[in-house]
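Step one of this worksheet: look at the structure below.
The values are calculated or read from the model by the stated rules, or taken from the named source; none is laboratory data. Owing to the predicted nature of the structure, the values given are computational and were not obtained by experimental measurement. Here the Cβ is made from the backbone with ideal geometry for all residues, glycine too, and neighbour counts use every protein chain on show. These area figures cover heavy atoms from the full protein model, side chains too; ligands, DNA and RNA do not enter into them. Shrake-Rupley method; radii C 1.70, N 1.55, O 1.52, S 1.80 Å.
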Amino acid sequence: MDLWVNSWIAALVVGIITWGLIVWCLVAYRRRKGTVGFPRQTSFNLPLEVFYLTIPLFMVVVFFYFTDRDQQAIDNRSEPADVVVDVRGKQWAWDFNYKAGDVIEEDVYEAGVQTNLTGNTIDKEQLPTLYLPVNKSVDLELNARDVIHSFWVPAFLQKRDMIPGKTNYIRFTPTKEGTYDGKCAELCGEYHSEMLFRVKVVSESEFQAHMDELREAGNTGLLGVEYDRNPNVNEIK
């Protein structure tokens, strides 16, 4: 958020200076009454050309430095996360595999079902829902079962593609309990608009209670690559 806000502040400052110089040129070098012919022409101005080159180059380097610094910090996975969830996008829903670790005792899964949009108000309680404990570091392993999808929760300020055969990651620590809307942000077929989900950030006790519910329902183990498919490859009968 700091990078985003400060980038806009810098862009606004540069914009004000640029607009100011444009207005100044319009006023200072306007055609005076009674003037005839063309104004004096300048073929080149070395100091001005050096200025035009160095200042934008300096700005690009500064923007790159702060962007790279924050990106490295956001994607830093040098330490193991408290919670690891294998999120698998599929046409047109989501599977959540909660992997055993420090917080989760046993592998459990939750298979999502496609949302049916009819133009009427939908029951969001029926959407595929990812549960996360508050104040615990989380690794989301992002995978696609079929085509390219994209995991996007606007409130989390991150969006990552889910590419068949490649695992991408999102590392973050949710610090505020609540329910957050998410969706697939990559056009993935006919019912792309119905690929909705939610994220519930809850207390650890509520998170553990949900894990217990999944175990009691028999949802132990992981829904892994055996359920992936490649729709671009025809099966040979």
Where the centroid of each part is defined by its Cα atoms, how far is region 158-237 from region 54-125 in Å?
9 Å
With all protein chains present, how much of the accessible area of region 105-172 (probe radius 1.4 Å) comes from carbon and sulfur, to the nearest whole percent?
46 percent
Near-label residues of region 88-103 by backbone N, under 17 Å of a point 7 Å along Cα→Cβ of His192:
89-94
Residue by residue through region 182-195, what is 3J(HN,Hα) from phi via Karplus (6.51 cos²θ - 1.76 cosθ + 1.60, θ = phi - 60°)? Round to whole Hz and write x for glycine and proline.
x, 7, 6, 10, 10, 4, 10, x, 4, 10, 3, 5, 9, 8
Assuming 1.306 mPa s and 10 °C, estimate D for region 133-229 with Stokes-Einstein, Rh taken as the Kirkwood radius over Cα pairs, in µm²/s.
106 µm²/s
Applying 1/(1 + (r/R0)^6) with R0 = 41 Å to the Cβ-Cβ distance of Leu48 and Gln158, what FRET efficiency is obtained, to the nearest 0.05?
0.45
To the nearest 10 square angstrom, what accessible area does Tyr169 show with a 1.4 Å probe?
70 Å²
In what sequence, largest accessible area first, do Trp24, Trp92 appear using a 1.4 Å probe?
Trp24, Trp92
Calculated FRET efficiency, Ser7 and Asp75, Cβ-Cβ r, R0 22 Å, to nearest 0.05?
0.75
Enter the per residue convex hull volume of the chain, computed from alpha-carbon coordinates, in Å³ rounded to the nearest integer.
254 Å³
In deg cm²/dmol and to the nearest 500, what is the mean residue ellipticity at 222 nm of the chain if only DSSP H runs of at least 4 residues count, each as -39500 (n - 2.57), divided by the residue total?
-10000 deg cm²/dmol
Please list Ile122, Ile148 in order of solvent-accessible area, largest first, computed with a 1.4 Å probe with all protein chains present.
Ile148, Ile122
Rounded to the nearest 10 Å², the accessible area of Thr118 using a 1.4 Å probe with every protein chain kept is 90 Å²
Which value, in Å² rounded to 10, gives the accessible area of Asp146 with a 1.4 Å probe and all protein chains present?
10 Å²
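Which value, in Å², gives the accessible area per residue of the chain when a 1.4 Å probe is used on the protein heavy atoms?
On a per-residue basis, 67 Å².
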